[in-house]
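Below is one structure, written out as structure tokens; the observations come after it.
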Amino acid sequence: RMAKLRITLKKSGIGYSERQKATLKALGLQHLNKTVEQEDTETIRGMLSRVSHLVEIETVNEEK
């Protein structure tokens, strides 16, 4: 089972490139302090590396 990442938008995309804004939107982050959970995949990690200065990332362990 894959781990999940909890991603929170901590800094506005205003003043950054359209590409970075599009990346935030694709991650589901459109409002400051919004938190989303995504699967920990290579694709998501790549997107996060592009906007790492705008987001806060934490790993979520789902154990049931």
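The values are calculated or read from the model by the stated rules, or taken from the named source; none is laboratory data. Treat the numbers as computed from the prediction; the structure is a model and nothing was measured. Don't worry about glycine lacking a Cβ; one is built from the backbone with ideal geometry, like all the others, and counts go over all protein chains shown. These area figures cover heavy atoms from the full protein model, side chains too; ligands, DNA and RNA do not enter into them. Shrake-Rupley method; radii C 1.70, N 1.55, O 1.52, S 1.80 Å.
Scanning region 46-64 for residues that are at pLDDT 95 or above and farther than 12 Å from R6 by Cα yields G46, M47, S49, R50, V51, S52, H53, L54.
Please give the number of the condition E62 fails out of (1) touching a residue at least 60 places away in the same chain (Cβ under 8 Å); (2) surrounded by 11 or more Cβ atoms within 10 Å (Cβ to Cβ). E62 satisfies all of (1) touching a residue at least 60 places away in the same chain (Cβ under 8 Å); (2) surrounded by 11 or more Cβ atoms within 10 Å (Cβ to Cβ) except (2). Among the residues of region 18-36, those that are open to solvent by 80 Å² or more (accessible area, probe 1.4 Å) and either in contact (Cβ under 8 Å) with a residue 24 or more places away in the chain or touching a Cys at 6+ places or on another chain (Cβ under 9 Å) (or both) comprise R19, N33, K34.
Mind checking which residues of region 1-40 are of a type in the set (S, T, Y) and closer than 13 Å to E56 by Cα?
Keep residues of region 1-40 that are of a type in the set (S, T, Y), which gives 8, 12, 16-17, 23, 35.
Across region 1-40, the qualifying residues are T8, S12, T35.
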